[in-house]
1. Cα convex hull of segment 50-164: how many Å³ per residue?
2. Which order, highest average first, do 196-207, 400-411 follow once you tally other Cβ atoms within 10 Å for each residue and take the mean per peptide?
3. Hey, with R₀ at 45 Å, roughly what FRET efficiency would Val388 and Ala34 work out to, going by the Cβ-Cβ distance, to 0.05?
4. Put a dot 7 Å past each Cα toward the Cβ at Phe94 and Ala238; how far apart are the dots in nm?
5. At 1.4 Å probe size, what's the solvent-accessible area of Leu62? Round to the nearest 10 Å².
6. What do the square roots of 5 times the Cα gyration tensor eigenvalues come to for segment 12-109, in whole Å, largest first, as semi-axes of the equivalent ellipsoid?
7. Which distance in nm do the two modelled labels at Asn191 and Val77 give, with both placed 7 Å along the Cα-to-Cβ direction?
8. Around Thr459, which amide H atoms from residues at least 5 apart in sequence, or from another chain, sit under 5 Å from its own amide H, with H modelled in the peptide plane?
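The values are calculated or read from the model by the stated rules, or taken from the named source; none is laboratory data. The shown structure was predicted, so the numbers you read here are calculated from the model rather than taken from an experiment. Backbone-built Cβ (ideal geometry, glycine too); neighbour counts: all protein chains shown. All accessible areas refer to the heavy atoms of the entire protein, side chains included, with ligands and DNA or RNA removed. Shrake-Rupley method; radii C 1.70, N 1.55, O 1.52, S 1.80 Å.
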Amino acid sequence: MSDAEKGAIDRFFDELDPVVFAFGALLTLGVIVAFFIDRDFVADGITTVQGEMVSYMNWALLVIVFLIVLFLLFLIVGPWGKIKMGDEDPEYSFFSFFTMLYSAGFAAGVVFWGPTEGLFYYADPNPLFGVEAESGAAMTYAIQQTLFHWALPQLAVFTIMGIAIGYFAYNYDNVPLRVSSALTPILGKENLDGPAAKVIDILAVFATIGGVATSLGFIGSQFISGLDYQWGINMGDAGILIVVTTMTILFTVSMVLGVDKGIRRLSNFNMGLFVVIMIATFIAGPTMFLLLLGSQAMGGMLSDFVSMSLYTGAGQEGATGWVEAWTVFYWAWALSWSPFAGLFIARISKGRTVREVAFTGIVATSAATIPWFTFVGGTAVWAQHNGVADFGAVIAGEAGPEVSGFILFSSLSLTLDLLIVEFAVPIGSLLILGFMVIVTTFFVTSADSSTLAVSMMTTGGKASPSTINRVFWGIVLGLTAAILMILGGEGGAGALQDAVVITGAPFAIVCFLALLCLVKDFSGSRGRVLLQEKTVIFGSARGQSDDEPSAAAEPGDDD
């Protein structure tokens, strides 16, 4: 063994947080081993635990996510937004910062659900609206519901974690860059290596692997379905392992190149191709209808935001099940991303203000997400409603949602009238090819950034963990994604959805506590917003008798 190899291995062991690494690795590897021993046992266990969690925590997820959105909006417009995370200047341009934040796991879900989600709401609308299924009115509500699920709330939960982790790590001395640091005011700076902090970091590793593996599983299944749909290549379980292994190698190369050369450049490429596919769909699809549909759907989302956020379906037959299958699942999925996405956001946010991070996390990213679901999802709903394309098998559950994009793009055509010559552009084939590429590149960037985050969690918060560490977690993520895809079977994403609720739901409490920690610190060091500084929140004020009249306030400069 060469000195370089010995040095790499020594660095790997020296940098480890042994407790977090051991428990996180053993817990995840235990699930992987159990899968190969008894697949049915793992599948049944995931379904059972998911059902219990949803039954008891559905209302809590809805309330917590709603409060997080309100707090982030306040940070954008309120006085605390000017607080800076560290003393240095930002490391990346705003565009690179935005694209990396957007590509860090979230965009994988956007690509997967873009062509298909509106179809399910068109066929089975939210009971809150009382609209007839597959009607003209259902088209608008379908896109409205999709925009609600993919704009502010999902983005908010990992943004709050990014701000909390980054603020305490960069503004306090000797606070490491890790998930438990988000709760510094509660745990105490001197206890960040204590048992409670270790438990939070272990849960963060497990939640990250479950959430990110779900994202990678969605994207991987979409890629494999595309090969089968377009070229008749049916790969089976062995093919899933081959494809995921190949993609794991790709993101490992990107990961070894580092954040600047790997993740940043690939994220910029992703956004460029993302915009091209979105605009091409807009042009080839029902352009004017999409503008009308998008305006109405966005207006409906804003006006109904509070009721949609807190709707539980109480008292309506089947409505609670609808909410749990969609909204609760999405919030749990986002919460499972929150440790890794928050840590990655904190890693790239040094030198930025709280307002910049909050604005980028929920406003700038929403500005990219809303047109995608309006143009791509709206075109799919329009095509189904008008008989241009047939998504019946997807809606009925006979085909997985991952094939919707290929059905949609193959139905589109574009004819250019050049003077006296009409020229047919094979827009459908080009879009399918571009879709396959973006599926792959978003898989790579999601796996890349998440592997970096897990490596940071298991090394006590090191910003640049060793290559061996990152490769190890990359392999674990790839294997977990492949297993969830296989468990999902031909029916689609069932096991993926169950797994993400299990790993994400408990982190709702951590995100809420992180919000409270920020409020406590900001109000204590930067001034209260609602109450004056001398207000006593608990107990009685001293120094003044109940019978003694208060002194009149002296006029200030503003009086």
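1. 159 Å³
2. Averaged packing, sorted descending, gives the order 400-411, 196-207.
3. Numbers: r = 46 Å, r/R0 = 1.01.
After rounding to 0.05, the efficiency reads 0.50.
4. 5.3 nm
5. 0 Å²
6. Ellipsoid semi-axes (Å, largest first): 36, 24, 15.
7. It is 3.7 nm.
8. Here the answer is Asp17, since their amide H atoms fall under 5 Å of that of Thr459.
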